[in-house]
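Quick notes on the structure that follows.
Values in this text are rule-based calculations from the coordinates and carry no lab data. It should be emphasised that the depicted structure is a prediction, and the values quoted were computed from it without experimental measurement. Positions of Cβ are generated from backbone atoms using ideal geometry, with glycine treated the same way; all protein chains shown enter the neighbour counts.
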Amino acid sequence: MAGPTAAERGVRQQEPSGPPPVRRLRPPKLRTIIILALALVLLVGGGSWLLYGSSWLRVERVTVSGTRVLTPAQVREAADIPLGTPLVSLDTEAIETRLRGKLPRIDVVDVVRSWPHGIRLKVVERTPVLLMENSGQADGFVEVDDEGVRFATVSQAIKGVPLLKLETSRPGSAGASLRRFGEGRLVREAVRAVAALPAGVARDTRTVKVGSYDAISLELGAGRTVAWGSSERGAAKARALTALMKAAPAARHFDVSVPTAPASSGS
């Protein structure tokens with residue numbers, strides 16, 4: 001029997017006879033540790049100084065965008081952001097709260113750091129959908145937004161914004177409705193009714209009257225009126241009113257308080 005060839009003997013000789021040797025990592029030298037620690041201290045200290053101690057990242061300007069009725073100067077004054085304050089230390093949530101508290105006309109405000117030297121105040125103002133007579137003054141009107149929030153007083157009525165009249169001082173269902181729901185709820189019901197109006201009717205609405213929770217009515221131009229009822233089923237009432245006005249264009253009075261049985265009268 002022939003023995004192993006020279007090639008086979010070479011392969012066997014190259015095969016390891018045991019596990020590979022373990023390489024041990026050398027621990028870092030003390031000098032290396034000290035250098036790394038110093039570098040970390042300098043990095044943290046330098047960053048802190050840059051953010052808080054240097055004059056590079058401090059407030060130098062406050063810009064305002066999105067205002068319609070308010071002026072940028074009014075917003076900056078209410079924000080009360082001291083120039084020279086480090087940008088990183090500003091409490092943006094506190095600024096937003098302060099602005100909404102001092103200027104109720106502001107619905108949403110976003111306070112943004114504009115590195116390296118600016119603060120931007122992005123403002124969204126409330127939009128009035130109804131006006132109420134200001135009972136606290138001889139004249140003037142209170143603006144009401146689409147959430148029923150009464151947020152500002154103006155001296156003159158705003159063109160295109162209907163006047164809201166709460167006729168809850170009358171005896172009967174009006175007074176009972178006021179006691180049950182409260183004035184704020186009745187205002188919100190009027191807002192809901194206005195929000196559901198067809199666009200053409202909304203533009204022509206002059207006055208919204210609330211006699212009780214389920215007795216909302218509209219006064220339109222040219223002496224036309226609409227009995228809307230409650231604010232419920234607004235979409236169905238809008239469809240019924242649109243169809244009714246097309247079917248009886250000369251009518252003066254429309255009743256969609258029960259949208260499945262709308263009615264019109266007068267000419």
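Please say if the stretch 214-267 is rounded, prolate or oblate, where rounded means a/c under 1.5 for a ≥ b ≥ c the square roots of the C-alpha gyration tensor eigenvalues, and otherwise the choice is prolate for a/b larger than b/c and oblate otherwise?
oblate
When we measure straight from the Cα of Lys165, which lysines land under 17 angstrom away, once same-chain ones fewer than 8 places off are left out?
Result set, ordered by chain and number: Lys209.
Fewest first, what order do Arg105, Arg192, Arg203 take by the number of other Cβ atoms within 10 Å?
Arg203, Arg192, Arg105
With +1 on each Lys and Arg Cβ and -1 on each Asp and Glu Cβ, how big is the dipole of the stretch 61-125 about its Cα centre, in debye rounded to the nearest 20?
Using Cβ point charges on Lys, Arg, Asp and Glu, the stretch 61-125 gives about 180 debye.
Straight-line reach from Lys102: which lysines have a Cα under 18 Å away, not including same-chain ones fewer than 8 places off?
Lys122
Taking other Cβ within 10 Å of each residue's Cβ, how do Glu96, Glu183 sort, fewest first?
Lowest count first: Glu183, Glu96.
Aspartates and glutamates within cross-link reach of Lys246: Cα-Cα under 20 Å, excluding same-chain residues under 8 positions apart?
Leaving aside aspartates and glutamates fewer than 8 places away in the same chain, those within reach of Lys246 are Asp204, Glu219, Asp255.
Return the percentage of antiparallel bridges among DSSP beta bridges fully within the stretch 61-125, rounded to the nearest 5 %.
Taking every DSSP beta bridge with both residues in the stretch 61-125, the antiparallel ones total about 60 percent.
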